[in-house]
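Read the structure below first, then the notes.
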Amino acid sequence: MRIIPAIDIINGKCVRLTQGDFTKMKVYHDDPVEMAIEFEKADLEYLHLIDLDGAKKGEVVNWKIITDIQEETALQVDFGGGVKTDAEVEQLLDLGISQINVGSIAVKEPDKFIGWLKKFGSENFILSADVKGENVSINGWLESTEFRLFDLVSQFADHGLEYLTVTDIATDGMMKGPNFGLYRKLKAKFPKLKIIASGGVSSIDDLKELKYINVFGAIVGKAIYEGEIKLEQLKNI
């Protein structure tokens, strides 16, 4: 199972939100690039990098931080936050970003996302679904929709989709454990997809349970920043 530490950027700083609420923001590090370097020093290979400024604005904002992380680390970065155009996709891939998370576009312009999967290669994208209950939220979690998670995923499963990250907003930042039941349902419904769990990881035991469920990866954020999980522990999951 991939262990994927998370960096969320607001105003150039490394932050965490609670349940996707921008008013419940805590700054954990002034320099996301330094944080990424710390992850690499701990022998971690992956990074989940989210431009929350970009998610709110509807276009990628923090290009310099993205570029610096690519230049100063060898981490395999999956990036999300405001990606809306072919030009942004091309620029990110040219920078060496491993995968691009697509959320709002997949909901609002599904044909565009299907086009990206075909044009740029499905291995370069992750369908990133943020859910309340089983309804999808978009635009940095600020906008609720009537789209049901399983319906959304089904739209793309027949068009080459390989990777799916699902964040349960109710658990995110709460440090009370992931929604294990949701990931079991997703595994049963979409056995061919590489499913990445996001939201609620609070302990090594949570990660072991996700590994037992056999998800492809797990994103870890607040538990690292709050010291509940030490970076050196993550190598032995």
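No lab work stands behind these numbers, since they all come straight from the coordinates. Every value quoted in this text rests on a predicted model; they were computed, and no experiment measured them. Methodologically, a virtual Cβ is constructed for each residue, glycine included, from the backbone with ideal geometry; neighbour enumeration extends over all protein chains shown.
If we sort 87-96, 31-40, 45-54, 6-15 on the protection proxy, mean other Cβ atoms within 10 Å, highest first, what's the order?
Ranking, from highest mean packing down: 45-54, 6-15, 31-40, 87-96.
Non-local amide H neighbours of PHE147 (under 5 Å, H modeled in plane, Pro and chain starts lacking H): which ones?
Counting only residues 5 or more places away or on other chains, the set is VAL136.
Per the helix-only calculation at 222 nm, which mean residue ellipticity applies to the chain, given -39500 (n - 2.57) for every DSSP H run of n ≥ 4 and division by its residues, nearest 500 deg cm²/dmol?
Per the formula, -10000 deg cm²/dmol.
Can you give the net charge of the other residues whose Cβ lies under 12 Å from the Cβ of LEU186, counting K and R as +1 and D and E as -1?
On the way: positive: ARG184, LYS185, LYS187, LYS189, LYS192, LYS194; negative: GLU134, ASP168.
Neighbourhood net charge equals +4.
For the range 119-140 and the range 34-57, compute the distance between their C-alpha centroids and round to whole Å.
What the calculation gives is 18 Å, centre to centre.
Tell me, what HN-Hα J-couplings in whole Hz come from the Karplus equation 6.51 cos²θ - 1.76 cosθ + 1.60 at θ = phi - 60° for each residue of the range 90-101, using x for Gly and Pro?
Using θ = phi - 60°, the values come out as 4, 5, 5, 5, 5, 6, x, 4, 6, 8, 10, 7 Hz.
Please list, in order along the range 173-186, the HN-Hα scalar couplings obtained from phi with the Karplus expression 6.51 cos²θ - 1.76 cosθ + 1.60 (θ = phi - 60°), rounded to whole Hz, x for Gly and Pro.
For the range 173-186, the Karplus-derived couplings read x, 8, 6, 10, x, x, 8, 4, x, 4, 6, 5, 5, 5 Hz, x marking Gly and Pro.
Using modelled amide H (1.01 Å from N, peptide plane; none on Pro or chain starts), what sits under 5 Å from the amide H of GLY103, excluding residues fewer than 5 places away?
Here SER128 satisfy the definition.
Rounded to the nearest 0.05, what FRET efficiency do GLN19 and GLU71 give with R0 = 25 Å and r taken as the Cβ-Cβ distance? Could you check?
Calculated transfer efficiency: 0.15.
Pull up all non-local amide H partners of PHE125: gap of 5 or more, or a different chain, and H-to-H distance under 5 Å with H placed in the peptide plane.
ILE100
With the contact rule set at Cα under 8 Å and sequence spacing of 6 or more, what percent relative contact order holds for the range 2-236?
The value is 18 percent.
Starting from the Cα of GLU134, step 7 Å along the direction of its Cβ; do the same at ALA42; then give the gap between the two resulting points in nm.
Distance between the two pseudo-spin positions: 3.4 nm.
Determine, from the Cβ-Cβ distance of ALA188 and GLN233 and an R0 of 30 Å, the FRET efficiency 1/(1 + (r/R0)^6), rounded to the nearest 0.05.
Computed FRET efficiency for ALA188 and GLN233 comes out at 0.50.
How far is it, in nm, from the label point at GLU59 to the one at MET175 when both lie 7 Å from their Cα along the line to the Cβ?
With each label placed 7 Å out from Cα toward Cβ, I get 3.8 nm.
Treating cross-link reach as a plain straight distance, find the lysines whose alpha-carbon is under 21 Å from the alpha-carbon of LYS108, omitting any fewer than eight places away in the same chain.
LYS56, LYS57, LYS84, LYS118, LYS119, LYS132
Radius of gyration and Dmax for the range 65-112's Cα atoms, expressed in Å?
Considering the range 65-112 through its Cα atoms, Rg and Dmax are 11.5, 35 Å.
Which lysines, if any, have their Cα less than 20 Å from the Cα of LYS230, not counting same-chain residues under 8 positions apart?
LYS26, LYS41, LYS176, LYS208, LYS211, LYS222
Which percent, nearest 5, of DSSP beta bridges in the range 22-146 are antiparallel?
Given both bridge residues lie in the range 22-146, the antiparallel proportion sits at roughly 35 percent.
Given the chain, what percent of its DSSP beta bridges are antiparallel, to the nearest 5?
Roughly 30 percent of the DSSP beta bridges within the chain come out antiparallel.
Kirkwood Rh, Cα Rg: Rg to Rh for the range 2-236? Show your work: numbers first, answer last.
Details: Rg = 16.1 Å, Rh = 17.4 Å.
Computed over Cα atoms, the ratio is 0.92.
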